[in-house]
Each structure stands twice: as structure tokens, then as C-alpha cells.
1. Could you give the distance between the Cα centres of the range 257-284 and the range 141-213, to the whole Å?
2. Based on the Cβ-Cβ distance of ASN15 and VAL309, what FRET efficiency does E = 1/(1 + (r/R0)^6) give at R0 = 22 Å, to the nearest 0.05?
3. When the label point is put 7 Å from the Cα of LYS242 along its Cα-to-beta-carbon vector, which residues of the range 205-230 have a backbone N closer than 15 Å?
4. Among the listed pairs LYS30/LYS297; LYS30/LYS85; LYS115/LYS199, give every one whose C-alpha distance is greater than 20 Å.
5. Per Stokes-Einstein, at 4 °C and 1.567 mPa s, what whole-number D in µm² s⁻¹ belongs to the chain, with the Kirkwood radius over Cα pairs as the hydrodynamic radius?
6. Given R₀ = 45 Å, FRET efficiency for VAL222-TYR6 by Cβ-Cβ distance, to 0.05?
7. Could you tell me which of rounded, prolate or oblate describes the range 172-232, using a ≥ b ≥ c as the square roots of the eigenvalues of the alpha-carbon gyration tensor, with rounded for a/c under 1.5 and, failing that, prolate when a/b is larger than b/c and oblate otherwise?
8. Shape call for the range 241-310 from the C-alpha gyration tensor, a ≥ b ≥ c root eigenvalues: rounded (a/c under 1.5), prolate (a/b greater than b/c) or oblate?
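The values are calculated or read from the model by the stated rules, or taken from the named source; none is laboratory data. Bear in mind that the values here come from a model prediction, so they are computed numbers and not experimental data. When we count neighbours, we look across all protein chains shown, and the Cβ atoms used for this are built from the backbone with ideal geometry, even at glycine. In case anyone asks, the SASA skips ligands and DNA or RNA and just uses the protein heavy atoms, side chains included. Shrake-Rupley method; radii C 1.70, N 1.55, O 1.52, S 1.80 Å.
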Amino acid sequence: MGKDKYKVRNWQDYNRGLKKRGEISLWLNKEVLAGWQDNEQGSNRGRPCVYSDLAIEACLTIRKVFNLALRQCEGFLVSLFKSLKIDLPVPDYTVLCRRASQLRLNIKSLGTSSKAIDLIVDSTGLKVQGEGEWKVRKHGAGKHRTWMKLHLGLDAASQQIIFSKLTTNAVTDEQAVEELPTVIAGSIKSFTGDGAYDKTTVRKMLHAARIKQIIPPQKNAVINKSGKAFLRSRNKAIADIKLQSRKDWKIAVNYHRRSLAETAMFRYKTVIGSTLQARSLINQKVEAIISCNILNKMLQLIKPQSYKVK
């Protein structure tokens, strides 16, 4: 049986949207330029900041969109301001690196519904600057080779990322979502995740928040007879799987929409890349949030409407 083929129905609009993603005016607009300099009078000692947090965020956003190093980002903005005759100073690469650790950013989800959402969660690995792929294949990985883990949660309806958490690879999937209901503003109707979230802590958290659990139990799972309320959903899933099949259960609960999370991971690594540019953990977390906001803005511009070719 061959792989399903799809065609884009709104190709002309999608084509224009893809072009617009590269327009500099989308990432550096009049509102950003108006708030470029820091006019707040701080109470701390020392020299006040020259650039606002908005300006630093805009510079780091442009860096990720056009895949620039910090020095090249500075040079790009200097030449851009000069050609456009914008009389504003440009932060140098040392300022961008230092101020990045001071930013307090949140995920900006655009076009999401104010009603209860269906949340889909998954995680992926991101490389930290280090050994190249050729060296690893030829001589093996060294002791300093490492990677970080990006946990994403998206709205099933809009496919916008509404939850992002960057951790070390020692943090498990269930640990990353333990405080999920308190982090996300608004209510969550359902939680869809793979078998990695079939843990007691996650089940308890979802039951306490009255969130529907769409998590496949392990293949060797048995019904728990303790009568604990947070395990009722899991027990029901086990019983339904035994009565039908695992495939039929996934279809019945609409589990296969979890593939939207895998699509989001693919989109992240295709557009942003699979390697983190920042060196420190705090700057890497800021970089991950900026990257998610970039993807949300790109997705809000245009989204392909595809259909299956018979």
C-alpha cells in the first residue's frame, strides 16, 4: 500500500504567505522602531539601558529568522538602518548576548480560541553547539557531546504553540508537564500525548484539573483495582483496547491528531533548525521561546489547506 498523497488547495494564497515570511517589515515594523530606545527611568544604580526589551527581542528574532550569528546580526541591522536612513543605534553582539539572559518572554499564540482547547503535547531533542555529524560517524561521540529537550504543547484547532519548555535531557516528559494547568492561561479540555505521559503524576494532575486524558496505556498494562479516581480513564482505555483493539481505540478517541505535534516538531527543525545557537541554558530558553513565537507568527500568516488525492 503506497503512501497517501496530498495537494494544497489554496496554493496562490499559500505561495504569497511563504514570500511574506521573509519580509523584513514583518519582523521590524513601525511599532518596534517607535519603542526601540529604553525611556524608562530605572531606580537601580548605574547607567540606564539604551535599548528596550522590545528592541533586544526584535534583534534576536531577526537573528533566528535569517539564521545569523550575533556579530552578523549586528552587521545586518547596521547596514539595514543605514540603507533605510533610520537614525537609531544598533546594539552590538555583546549587548545582545548579555540582555538576552534578562528577557522575560512568554509564548505569543495568535488566533487561538478563548474557549477550552484540545492540547497536544510532545517533545524533541535539540543539539547544542559541539561536534559535527561527520566526526561522530567517523570517530564516535565525545564525552562533551550533549543535547537539550524541547517540550511543546499546541492547540489542536489552530496548531499554534501555546506551551514551550526547554530542559536538559535528564528531565522526563512527565516532569516537564507537571505544572501545565497553572502555566497555560485559560482552560484545557483534553490532553493528548504518547505513552511517555502514561505516568501517575500526569494522571493525577489531569484528573485534578478535570482534563480529559487521551493517553495510550502501555501494551502490558492491566486494570488497576484500587478504585483511585485518577486511574478511571486509564482503566477504561485498557478495557476498551481489550474489547476492540489498540488501533480501534485510537480511532475512537481521535488519538491520531497527535501527529499534529510531530508536524510542529518537523516545522520547528525545518524553519528554525535542530541546533541551539546560544551557549548558556538561560539564553537557550529565551532562544526557544523566540523560535516558537516566530513559528506562530508564520503559521498565523498562512496555513496550507490540503486534501488527499485519490
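1. Comparing the Cα centres of the range 257-284 and the range 141-213, I get a distance of 15 Å.
2. Numbers: r = 19 Å, r/R0 = 0.87.
With a Förster radius of 22 Å, E is 0.70.
3. Label zone hits: 217-227.
4. LYS115/LYS199
5. Answer from the Stokes-Einstein relation: 59 µm²/s.
6. Values: r = 40 Å, r/R0 = 0.88.
My answer for the efficiency is 0.70.
7. Values: a/c = 2.01, a/b = 1.50, b/c = 1.34.
Here the range 172-232 falls in the prolate category.
8. Working: a/c = 3.40, a/b = 1.77, b/c = 1.92.
It is oblate, given that a/c is not under 1.5 and a/b is not larger than b/c.
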